[in-house]
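**Q** Handing you this structure, nothing more for now.
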Amino acid sequence: MRANQYAIVKGRLTSDAEVNTSDTGKSYIRVGLAVNNKRKNKEGKEEEIATFYNIVCFDKMAEIYGNLEKGDFVRAEGRLEVSPYLSSKKKEPKVDLTIIANEIMRSDYVGGEK
């Protein structure tokens, strides 16, 4: 089952953007994004949990954002695709989170993080 929703996330890129060309001639980039959230564990101590997303954009946006670099703090907005799968080694259930971006904003300082 595949669910489609709209998402806005902000975090740090886990890889450099690289403009690629699909078999149909469309330009695209795919980069990883790590979003850190804080929560309390069973002992009541605060811990940081990272959620990882794939960010994909096409055509003109790919050309504009093809210079993004690992570590850049960005805000990405677009359609969220949630795709469950089984891990290849242990056959454990996993989820792939991909945002088909219609907007990306790079920032040196967003929401209290640098």
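The values are calculated or read from the model by the stated rules, or taken from the named source; none is laboratory data. Please read these numbers as outputs of a predicted model, since none were measured by experiment. Cβ sites come from the backbone with ideal geometry, for glycine too, and all protein chains shown count toward neighbours.
**Q** Would you point out the residue of segment 40-56, among those that are closer than 26 Å to residue 106 by Cα and more than 12 Å from the chain's Cα centre (by Cα), that is surrounded by the fewest Cβ atoms within 10 Å (Cβ to Cβ)?
**A** 48
**Q** Looking at (1) assigned to a strand (DSSP E or B); (2) in contact with a Leu (Cβ under 9 Å, 6 or more places away or on another chain); (3) in contact (Cβ under 8 Å) with a residue 40 or more places away in the chain; (4) not hydrophobic (A, V, I, L, M, F, W, C), which one does residue 94 not meet, given that it meets all the others?
**A** (3)
**Q** Take the residues in segment 19-42 that are outside any strand (DSSP E or B) and among the hydroxyl-bearing types (Ser, Thr, Tyr), then tell me which one is farthest from residue 98 (Cα to Cα).
**A** Per the stated criteria, the residue is 24.
**Q** Moving on to the next point. For the structure I just gave you, tell me whether residue 6 is free of Cβ contacts under 8 Å to residues at least 12 places away in the same chain, out of contact with any Phe, Trp or Tyr (no Cβ under 6 Å at 6 or more places or on another chain) and in a strand (DSSP E or B).
**A** No.
**Q** Here are 55, 49: which of them is within 17 Å of residue 27 (Cβ to Cβ), touching a strand residue (DSSP E or B) at 6+ places or on another chain (Cβ under 6 Å), among the aliphatic types (A, V, I, L, M) and in a strand (DSSP E or B)?
**A** Answer to the selection: 55.
**Q** Quick test of your reading of the structure: residue 94 fulfils all but one of (1) exposed (fewer than 13 other Cβ atoms within 10 Å of the Cβ); (2) more than 26 Å from residue 5 (Cβ to Cβ). Name the failing condition by number.
**A** For residue 94, the failing item is (2).
**Q** Among residues belonging to segment 66-89 that are touching a residue at least 60 places away in the same chain (Cβ under 8 Å), closer than 14 Å to residue 106 by Cα and charged (D, E, K, R), point out the one that is surrounded by the most Cβ atoms within 10 Å (Cβ to Cβ).
**A** The qualifying residue surrounded by the most Cβ atoms within 10 Å (Cβ to Cβ) is 72.
**Q** Looking at (1) at negative phi; (2) of a type in the set (Gly, Ala, Ser); (3) not in a strand (DSSP E or B), can you tell me which one residue 71 breaks?
**A** Residue 71 satisfies every listed condition except (1).
**Q** Here's a follow-up. Quick check on segment 1-31: of everything there that is out of contact with any Lys or Arg (no Cβ under 7 Å at 6 or more places or on another chain) and among the basic types (Lys, Arg), which residue is modelled with the lowest pLDDT?
**A** 2
**Q** In segment 51-65, is there at least one residue being free of Cβ contacts under 8 Å to residues at least 60 places away in the same chain and on the phi > 0 side of the Ramachandran plot?
**A** Looking for residues that are free of Cβ contacts under 8 Å to residues at least 60 places away in the same chain and on the phi > 0 side of the Ramachandran plot, one finds at least one in segment 51-65, hence yes.
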